[in-house]
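Just so you know, all these numbers are worked out from the coordinates, no wet-lab data involved. Computed from a predicted structure; not experimentally measured. For neighbour counting, all protein chains shown are included, and Cβ atoms are generated from backbone atoms with ideal geometry for every residue, glycine included.
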Amino acid sequence: MANGEPPCDAACRAKLILDGDNISSLAENLCKRIEASGDPIKNGQKIATIFAAVEDELCKAQRLFIDGTGYDGPLPKMLS
């Protein structure tokens, strides 16, 4: 590949899918707990900071995936 990395084979793909499912489930469950919580969240700003960083990293991963497919069309700002 152009970046020197080998292509993602079936094992790599399985790992990406499993990790993605884990990340998705963790985020969904945490958001549900936050929505259901009636009490103030004492460390909410720290959680918001972590969420923002995770969102940035996931956008980087999404961009890497898009680039890896060979797509070269327009992208939203968050994937720039």
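Based on the Cβ-Cβ distance from GLU5 to ASP39, what FRET efficiency comes out when R0 is 35 Å, to the nearest 0.05?
It comes to 0.15.
Where the centroid of each part is defined by its Cα atoms, how far is the stretch 8-33 from the stretch 43-80 in Å?
Here the two parts' Cα centres lie 15 Å apart.
Where is the GNM fluctuation largest for the chain (alpha-carbon springs, 10 angstrom cutoff): GLY70, GLY44, GLY20?
Most flexible of the set in this elastic network: GLY70.
Could you work out which residue, out of LYS60, LYS42, LYS15, moves most in a Gaussian network model of the chain, that is, has the largest mean-square fluctuation with Cα springs under 10 Å?
LYS42
In the stretch 2-27, which residues have a backbone nitrogen under 12 Å from the label point lying 7 Å from ASP67's Cα in the Cα-to-Cβ direction?
The answer is 2-5.
With θ set to phi - 60°, apply the Karplus curve 6.51 cos²θ - 1.76 cosθ + 1.60 along the stretch 26-39 and write out the HN-Hα couplings as whole Hz, x wherever there is a Gly or Pro.
Per-residue couplings from phi come out as 4, 5, 4, 5, 5, 4, 4, 5, 5, 4, 7, 6, x, 8 Hz.
In the chain, which Cys residues have no partner Cys with a Cβ closer than 4.7 Å?
CYS31, CYS59 - these cysteines have no disulfide-compatible partner (Cβ-Cβ under 4.7 Å) in the chain.
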